1. Please report the carbon-and-sulfur percent of the accessible area for the chain; probe 1.4 Å, protein heavy atoms only, DNA, RNA and ligands left out.
2. Once you have the Cα-Cα distance between residue 68 and residue 157, take 0.36 nm times their residue separation minus that, and quote the gain in nm to one decimal.
3. For the chain, max minus min Cα coordinate along each principal axis, in Å, sorted largest first?
4. Using Cα positions and a limit of under 14 Å, work out the aspartates and glutamates in reach of residue 119, with same-chain residues fewer than 8 apart set aside.
5. Mind putting a number on the dipole of the chain about its Cα centre? Charges go on the C-beta only, +1 for Lys and Arg and -1 for Asp and Glu, and I need it in Debye to the nearest 20.
6. Suppose only helical runs count, i.e. DSSP H with n ≥ 4. What mean residue ellipticity at 222 nm does that imply for the chain under -39500 (n - 2.57) per run, divided by all residues and rounded to the nearest 500 deg cm²/dmol?
7. Take the chain, connect every pair of alpha-carbon atoms lying under 10 Å apart with a spring to form a Gaussian network, then pick out the residue of 83, 34, 157 with the largest mean-square fluctuation.
8. At residue 77 and residue 133, where each label point lies 7 Å from the Cα along Cα→Cβ, what is the point-to-point distance in nanometres?
Amino acid sequence: MTIKTPQIKIVVFSALLLLGGLGFAQNNEQALKEVNDVALKMFTDMNNRDYDAIIDMTHPKVFEIAPKASIKEVFKSMFEGNEDFSINIPKTVPNYKLSQVYTNQKDSVTYVFVSYDMKMDMSFHKQEFNDEAKTMMKTMMAGKGMDVTFKTNNALEVFMKDRITIILKDNHTNNKWVMVNYDADSPLFYNIVPVSLIESAKNYNQELMLLRKKEDE
């Protein structure tokens with residue numbers, strides 16, 4: 001049987017589409033593997049309190065806003081506390097979930113969302129909370145997606161639901177995967193990433209909250 005020229009073109013075109021899709025899937029699979037390695041390293045460095053390694057993984061635009069030394073002090077305060085309060089973050093690798101790979105060619109950015117739950121204990125050295133203050137603290141923290149349980153008048157347990165870290169590559173990272181934490185209330189976050197990523201992160205966060213709501217019902 002002789003295959004006519006139009007039929008040959010259709011077969012070739014279909015094969016090219018198939019191969020193109022296969023290449024795209026392989027690229028995404030490789031990207032997810034790389035991001036998974038970065039996520040594991042991120043949690044390991046946090047567990048080891050390796051602040052220099054954490055800073056090395058942080059998006060470089062952060063350091064246009066604040067110097068590395070100041071950022072390092074923020075990390076130390078977060079993990080080690082200070083004279084006003086102390087924090088205990090368990091040394092563990094949480095059960096985290098990777099999103100699909102997103103790419104915005106206009107902004108030259110490729111990114112993946114890493115979502116996970118996180119617990120920590122906080123102790124205040126110079127402050128105690130009465131019942132009214134405890135209620136206010138719980139309400140305020142709930143608005144940030146955190147559940148608070150007071151163990152004493154100055155010590156509390158915090159459960160943070162669906163935290164999101166974004167692992168990305170863009171024009172500022174020299175083709176290196178870096179991280180930035182999603183914080184819808186932080187001007188710092190808005191100054192680092194493009195609008196397209198901000199909108200995508202907001203939608204992804206809403207999807208996580210909706211899924212959590214369905215699971216709780």
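The values are calculated or read from the model by the stated rules, or taken from the named source; none is laboratory data. Quantities reported herein were computed from a predicted structural model and do not represent experimental measurements. Note that each Cβ is placed from the backbone with ideal geometry, even for glycine, and that neighbours are counted across all protein chains shown. Heads up: the accessible areas ignore ligands, DNA and RNA and are worked out on the full protein's heavy atoms, side chains in. Shrake-Rupley method; radii C 1.70, N 1.55, O 1.52, S 1.80 Å.
1. Details: 7360 of 13680 Å².
Result for the chain: 54 percent of the exposed heavy-atom area is carbon or sulfur.
2. Values: separation 89, 0.36 × 89 = 32.04 nm, distance 2.97 nm.
So the chain would gain 29.1 nm between residue 68 and residue 157.
3. 88, 45, 29
4. Qualifying aspartates and glutamates at Cα under 14 Å: 147, 157, 162.
5. Values: 26 positive and 29 negative charges, 173 e Å.
My answer is approximately 840 debye.
6. Values: 7 runs with 107 residues, N = 217.
That calculation yields -16000 deg cm²/dmol at 222 nm.
7. Of 83, 34, 157, the Gaussian network model singles out 83 as fluctuating most.
8. For residue 77 paired with residue 133, the spin-label model returns 2.0 nm.
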